[in-house]
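Working notes for the structure below.
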Amino acid sequence: MKRFTTAAVTLAASTLFAATAFASGEDIFKAKCMACHPDGGNIMKKEKTLKGKDLAANKLNNTKALVKYMRNPGPGMTRFDAKALPDKDAKAVAEYILKTFK
């Protein structure tokens with residue numbers, strides 16, 4: 001019985017890991033960002049939307065700049081360090097933002 005329980009827990013954990021490991025930028029955005037950035041807006045600072053013109057005005061119009069900002073955004077935004085949002089996922093979110101909120 002103990003062997004079966006261990007196997008079941010291992011299988012459940014690996015399934016959960018696989019589900020998060022292969023999440024798309026859109027899925028991650030919806031889970032972590034959309035509450036404050038519905039439709040690419042910004043509920044805290046109206047001038048800092050995720051729309052192309054605002055991203056450009058804030059020098060955040062490329063993947064590298066967006067990931068850097070996610071890592072250390074300043075007051076008002078949750079900080080997503082590499083533990084909270086691995087580099088691959090942060091890049092996927094940045095690419096989703098740039099593609100979606102032109």
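Here are the numbers for this structure:
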read-out: Conditions (1) surrounded by 14 or more Cβ atoms within 10 Å (Cβ to Cβ); (2) at pLDDT 95 or above; number of the one not met by A23; value: (2)
read-out: Residue pairs meeting the criteria (Cβ under 9 Å; at least 6 apart or on separate chains; first surrounded by fewer than 21 Cβ atoms within 10 Å (Cβ to Cβ), in the stretch 79-102; second among the basic types (K, R)); value: R79/R71; D81/R71; A82/R71; A84/K32; K91/K64; F101/K51; K102/K51
read-out: Verdict on A65 being farther than 16 Å from F29 by Cβ and surrounded by 13 or more Cβ atoms within 10 Å (Cβ to Cβ); value: yes
read-out: Positions within the stretch 60-102 being over 17 Å from K45 (Cα atoms) and assigned to a loop (DSSP other than H, G, I, E, B), in sequence order; value: N61, N62, F80, D81, A82, K83, A84, L85, P86, K102
read-out: In the stretch 53-77, the residues that are touching a residue at least 12 places away in the same chain (Cβ under 8 Å), over 20 Å from A23 (Cα atoms) and under 13 Å from the mean Cα position of the chain (by Cα); value: M77
read-out: Lone unmet requirement of (1) under 20 Å from S24 (Cα atoms); (2) part of a loop (DSSP other than H, G, I, E, B); (3) not small (G, A, S) for K45; value: (1)
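The values are calculated or read from the model by the stated rules, or taken from the named source; none is laboratory data. All values reported here derive from a predicted model rather than from experimental measurement. Here Cβ is always computed from backbone atoms with ideal geometry, including for glycine, and neighbour counts include all displayed protein chains.
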